[in-house]
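The values are calculated or read from the model by the stated rules, or taken from the named source; none is laboratory data. All of these numbers come straight from a predicted model, not from anything done at the bench. Here Cβ is always computed from backbone atoms with ideal geometry, including for glycine, and neighbour counts include all displayed protein chains.
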Amino acid sequence: MEDFSAKFVSQKISKTRWRPVPAAALQPPELFATGSWDNEENKISVWSVGDFGSLGPNGEYQGEPQLLCDIRHHGDVMDMQFFDQERIVAASSTGSVTVFRHHQNNQTLSVNQRWERAHYHVDPDIPFYGGASCTGVICNNPEIVTVGEDGRINLFRADHREAVRTIENADSSTLHAVTFLRTTEILTVNSIGQLKIWDFRQQRNEPSQIFSLTGDRIPLHCVDRHPNQQHIVATGGQDGMLSIWDVRQGSMPVSLLNAHEAEMWEVHFHPSNPDHLFTCSEDGSLWHWDTSTDVSEKPSFFHQGGRSTTLLSHTANQSVISAWLSNNPTKDRMEITNLVPNQTLSVNSLDVLGPCLVCGTDAEAIYVNRHLFA
Amino acid sequence: MCFAWAPGEMLVYETLFPKECAEKRPGCPNIVIVRNDLDVYSQTLRKLFNESHGIFVGLQRSEEELAGKSRKAQLVRVSKNYRSVIRACMEEMHQLAISTRDPELQGQHSTQVSILSAMELIWNLCEILFVEVAPAGHLLLHLLDWVRLHVCDVDSMVREVLSSENPSKHKDFWNAVDIFVLQGRMDDARHLLSKEASANPTSMGMCKILDDLMKKMPILSIGNTQTLTEMELKWQHWHEECQRYLQDGTFASNLHMESICKILLGDENAILEKKELMTSWYHFLVTRLVYSHPTVKPVELRFYAQSSLDLFLGGESSPEPLDSILMAAFEFEIHQVIKECSIALSNWWFVAHLTDLLDHCKLLQSHNLYFGSNMREFLLLEYASGLFSHHSLWQLGVDYFDHCPEYGKVYLELHIERIPLNTEQKALKVLRICEQRQMHDQVRSICKIMAMKAVRNNRLGSALSWSIRAKDAAFATLISDRFLKDYCEKGSFSDLDLIDNLGPSMLLSDRLTFLGKYREFHRLYGEKRFSEAAKLLLMLMTAHIAPCSFWMTLLTDALPLLEQKEVIFSAEQTYELMRCLEDLTAGKTDNQKLQVDDIETTKVEILRLALARNLARAIVKEGTLEGS
């Protein structure tokens, strides 16, 4: 956590995403993209870490992220995903979805494809009538799914001009985020606190399942699925509560964890270490939730005396059950740390890949940490 | 020509050029938008605003945790942080100025660099005099550091001299030695002097003596435990030694070395001769002090400062704004410093943050300005208002208003209502700011705006979620009426996912509760749970949850239940229903009765018939004994 310095970039960052590394590669990610919001001219920028800068004390490269290239983006960047190594999909507050291509050879960005009226209100024939914000986008090459304030779900395919499938009026409230549950199923969360599963194999425009919170219908802002165990889903709400759901059973969350003091903007399971979860919030904090219990391997006589570690004793069978689903995760030594040094304004976005974490804030700063598990 | 103020502090000029020729063409009007605060829009300066915002908030939050020396050290650290931010900004601006090709931009950037460096100069001096409050002795050391850091570019010249083949023959050699001496950098001066000694054996003797003098010069270092009096005595002794060497004519043969010796003696004329090297009167001031009054006290500074300024300028030129600011600082006139800076600089950033820091050092009396707030608050309010005129930096302004105890809240309330809410995400952020500060009126008005937008776009679920956030019962009623209207027109509910899953939010408004329960009735009916459905229906009417306008619909819904083969409504319940029907028809005035069309009368008749029949069956059923 020593090298968690801020770089001020003169634009409020709404999204940060690491470029995915090829599966065979062993090195950490080197490139990330950011999207800005609330500027007169918003931008998508691509940054590089690790190549430049001086050698640190341990011999690894340190240095600030360097801007490689950027491109103008119409409207706020509401959501952004890397489609593949070269293409970035961005969702705009004007209702359009754009695919940008990053040219490695001359370090430029260009517009590859755009779906102009992916999301709109009521009347698409009247030009520029009520563009609705596109609030979430998720990719699974070659498909792109987008959701927006108009309650519409679109399924696009790269290089196809029209949407492959559109679910009109999927939701009467704003859809805040979307993620893939399986290759043909998606999860959406909306502003009346519902988690819905949609199955694209079915032709009807109804969700196949609806989950909702008990009590007040607090809007849900973000959703993420456990990378290995596909029935475990985490969502973050407007009151900063983290909810863990098991989509195989029940219609209510498995556990509710009181986390932040304000809206939770993003929740991410770590893709390769799913015992680690990261959340960021409007209250300016970024929390690292760590349920890994690697002490369980040691024989018990090492634990005599000293502090009591209330560890979940993992037998060979039980270790398959994720710590997230146990009824009271906090009982089992979950460590929660706040990673942002001095919190002032909201942390809007974060992304984790390998040992690297990047996040962007409303204080126009980007934080990069390349040694998460050191 | 006329103008108007817009909320973003923009002055809009509409200039009409009336044509005085025969054809009465309306002159083409030009609208010119003049922005008050151009700096806010600079990319590089944005970093300054953001970083300093972080430091500012940190300072406010640190409060009075520590006291005395540690508090002072903390404040000095904060001041240094501010300065490093200014420096970083300056560096970047400088890079921009070098790399840009457009001459106009380059000019702009260079101007900005010089403004920033002037700001840092002033801030540094204020830090030394007001925050650090260095006592006599240490004061001069700090001032020396200040001068070394900011005035004239020594290093490049020295590098040139040293890298040449024969340093002592370089044209700038003696300039380099002089400037080192003028800045009190004895070791560096001696290092250069040794080059002269080695190159020129004839002057070796003189060099040795001069070197010796320089080495022996008493300097009060920070860690030194000498008292001032000791230091003064030593210094006096050393001064006399230099005097002796000068009078003996030791350096007579070498003009350069003689002038150096004079400088060491603090001879004003000798120092003034090196005006070009020093480039500024404050450098002259510090050099004078080093060699004539090293133990100067802070209160004595003003006299030396004034005389240095006069001597340096020598009546040729008049002082510039920067000079008067620095002079005010030397005179310890804090208010004067702030006032002059406000006038000279185009942006409130500098004065706002400096004043706030000085206020934390408890240096500003509550100097009440005639509009009620004190100077610190006034400046912060002005600065933050400037931020609010920017499309993006308004979020920073919020924290500044928070820390203005008198008028901050009012300013915030007025400004925050004028932020354009383009997306729901932005509205959510603004809402969160209002909620955290108990600004309930603003919360309600923002939620109402967003909810109205949603209703207009037919996003009833969004509208409902906004009314829930604001706990706005009236709006929830409006939305429910919309739903019910849709139902009456179309015969079925839209947005079932919303109505079916209202949960506790149903209780927000009566109408909403009715909607939820009515939908439940439909569900029960669909599941053929008739008796429960019947009970619910009756309850809706008798408990007055249903609006009167809907009773007819409810009664019509009761018809199929009444017509069922099985008796669903008990006699009691049928009496209730009949009562409801009578209430409904009796409530209509005579006029309405005349205008009522056939369908209505038919409906009422059918209902009456069905109710009567049901009553009959119910009485019979209840009167019958079971079994046998």
Given the conditions (1) closer than 29 Å to A:Q194 by Cβ; (2) modelled with pLDDT under 90, which single one is not true for A:V147?
(2)
Examine segment B:153-165 for a residue that is farther than 29 Å from B:C242 by Cβ, among the basic types (K, R) and either free of Cβ contacts under 8 Å to residues at least 12 places away in the same chain or not in a helix (DSSP H, G or I) (or both), and state whether such a residue exists.
yes
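Does B:M539 satisfy the criteria of being surrounded by 14 or more Cβ atoms within 10 Å (Cβ to Cβ) and over 28 Å from A:S191 (Cβ atoms)? Explain how you work it out, then say what you get.
On the way: surrounded by 14 or more Cβ atoms within 10 Å (Cβ to Cβ): yes; over 28 Å from A:S191 (Cβ atoms): yes.
Judged against the criteria, B:M539 is a match.
Here are B:F332, B:F303, B:F378, B:F350: which of them is aromatic (F, W, Y) and assigned to a loop (DSSP other than H, G, I, E, B)? Lay out the reasoning, then the answer.
Numbers: B:F303 fails: assigned to a loop (DSSP other than H, G, I, E, B); B:F378 fails: assigned to a loop (DSSP other than H, G, I, E, B); B:F350 fails: assigned to a loop (DSSP other than H, G, I, E, B).
After ruling out the rest, the residue left standing is B:F332.
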Given the criteria loosely packed, with under 15 Cβ neighbours inside 10 Å and either more than 17 Å from A:S93 (Cα to Cα) or hydrophobic (A, V, I, L, M, F, W, C) (or both), does B:I449 qualify?
yes
Residue check for A:S133: among the polar types (S, T, N, Q), within 14 Å of another protein chain (Cβ to nearest Cβ) and in contact (Cβ under 8 Å) with a residue 24 or more places away in the chain
yes
Mind counting the residues in segment A:1-43 that are of a type in the set (S, T, N, Q) and assigned to a loop (DSSP other than H, G, I, E, B)?
5
Are any residues in segment A:256-279 within 14 Å of chain B (Cβ to nearest Cβ) and not aliphatic (A, V, I, L, M), and if so, which ones?
A:H260, A:E261, A:E263, A:W265, A:E266
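Inspect all residues belonging to segment B:510-526 and state whether any of them is assigned to a helix (DSSP H, G or I), under 30 Å from A:I218 (Cβ atoms) and without any contact (Cβ under 8 Å) to a residue 12 or more places away in the chain. Before you say what the answer is, go through the steps one by one.
Here is the first cut: in segment B:510-526, the residues assigned to a helix (DSSP H, G or I) are B:510-526.
This time we only want the ones that are under 30 Å from A:I218 (Cβ atoms), so: B:510-524, B:526.
Still in the running and without any contact (Cβ under 8 Å) to a residue 12 or more places away in the chain: B:526.
Within segment B:510-526, one or more residues are assigned to a helix (DSSP H, G or I), under 30 Å from A:I218 (Cβ atoms) and without any contact (Cβ under 8 Å) to a residue 12 or more places away in the chain.
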Out of the residues in segment B:384-412 meeting the condition of being among the aromatic types (F, W, Y) and crowded, with 19+ Cβ neighbours inside 10 Å, tell me which one is nearest to A:T344 (Cα to Cα).
B:Y400
Subset of segment A:60-91 [free of Cβ contacts under 8 Å to residues at least 24 places away in the same chain and among the small types (G, A, S)]:
A:G63
Could you tell me which numbered condition B:A546 fails, if it satisfies all but one of (1) in a helix (DSSP H, G or I); (2) modelled with pLDDT under 85; (3) within 24 Å of B:D510 (Cα to Cα)?
(1)
Do you know which residues across segment B:464-504 are over 19 Å from A:G215 (Cβ atoms), in contact with a Phe, Trp or Tyr (Cβ under 6 Å, 6 or more places away or on another chain) and either within 12 Å of chain A (Cβ to nearest Cβ) or small (G, A, S) (or both)?
B:F493
Residues of segment B:505-525 being within 23 Å of B:A470 (Cβ to Cβ), within 14 Å of chain A (Cβ to nearest Cβ) and crowded, with 16+ Cβ neighbours inside 10 Å, in sequence order, are B:S505, B:M506, B:L508, B:L512, B:L515, B:G516
A careful count of residues in segment A:198-239 that are within 15 Å of A:N169 (Cα to Cα) and either among the β-branched types (V, I, T) or out of contact with any Asp or Glu (no Cβ under 9 Å at 6 or more places or on another chain) (or both) gives 2
Going by the structure shown, is B:W146 under 43 Å from the mean Cα position of the chain (by Cα) and in contact (Cβ under 8 Å) with a residue 60 or more places away in the chain?
yes
Of the residues in segment A:102-120, those that are touching a Leu at 6+ places or on another chain (Cβ under 6 Å) and outside any strand (DSSP E or B) come to A:Q107
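What are the residues in segment B:402-443 that are among the hydrophobic types (A, V, I, L, M, F, W, C) and more than 14 Å from chain A (Cβ to nearest Cβ), if any?
Going residue by residue through segment B:402-443, those that are among the hydrophobic types (A, V, I, L, M, F, W, C) are B:404, B:410, B:412, B:414, B:416, B:419, B:421, B:427-428, B:430-431, B:433-434, B:439, B:443.
The answer is B:C404, B:V410, B:L412, B:L414, B:I416, B:M439.
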Scan segment A:168-211 residue by residue and report those that are at the interface with another protein chain (Cβ under 9 Å from one of its Cβ atoms) and of a type in the set (S, T, N, Q).
A:N169, A:S172, A:S173, A:T174, A:N190, A:S191, A:Q194
Looking at this structure, is A:R217 within 12 Å of chain B (Cβ to nearest Cβ), basic (K, R) and without any contact (Cβ under 8 Å) to a residue 40 or more places away in the chain?
yes
Quick count over segment B:436-468, residues being of a type outside the set (D, E) and within 24 Å of the chain's Cα centre (by Cα), is 9
Given (1) of a type outside the set (S, T, N, Q); (2) surrounded by fewer than 17 Cβ atoms within 10 Å (Cβ to Cβ); (3) modelled with pLDDT of 85 or more; (4) not in a loop (DSSP other than H, G, I, E, B), where does B:I338 come up short, assuming only one miss?
(2)
